[in-house]
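Have a look at the structure below before the remarks.
The values are calculated or read from the model by the stated rules, or taken from the named source; none is laboratory data. Predicted, not measured: the structure shown is a model, and the values here were computed from it. Every residue, glycine as well, gets a Cβ built from its backbone with ideal geometry; the counts of neighbours run over all protein chains shown.
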Amino acid sequence: MPEFDAVFAFDVRGVISQIIGYGAALLSLIAVIHCAVQKPEAFNAVGTLSKGTWLGLLVVSLVLALLFGGYGRLNLFALVAIAAALVYLLDVRTGIKDIGGSTY
């Protein structure tokens, strides 16, 4: 029976890794779409990085999450993608929303 438990544990770990990877990709995709539809002047008004810089960071994190997010022991790329998307969504997006710079 111990062999079955080990196999089950690896299966569960693999499913959780895939969920984290796909979640990171989805979160990054939402951040990329939001960033792409904003006006460049809104980023200057908030006092953050430029729109191009944010868009580049978010696209790179999206690609890394899609390519490597569901594999590996620590999901390092998925965690980096989650961090970049959350910083954008929780800091920059709310700043743009507060100044009324949102396009929707």
Residues that are in contact (Cβ under 8 Å) with a residue 40 or more places away in the chain, part of a helix (DSSP H, G or I) and loosely packed, with under 13 Cβ neighbours inside 10 Å: does region 31-52 have at least one? yes
Scan region 65-95 for residues that are modelled with pLDDT of 90 or more and either among the acidic types (Asp, Glu) or over 12 Å from residue 28 (Cβ atoms) (or both) and report the count. 6
What are the pairs, 6+ residues apart or on separate chains, where a residue within region 8-25 that is outside any helix (DSSP H, G or I) has its Cβ under 9 Å from a residue that is among the polar types (S, T, N, Q) and surrounded by 10 or more Cβ atoms within 10 Å (Cβ to Cβ)? none
Is it the case that some residue within region 54-64 is at pLDDT below 85 and in a helix (DSSP H, G or I)? no
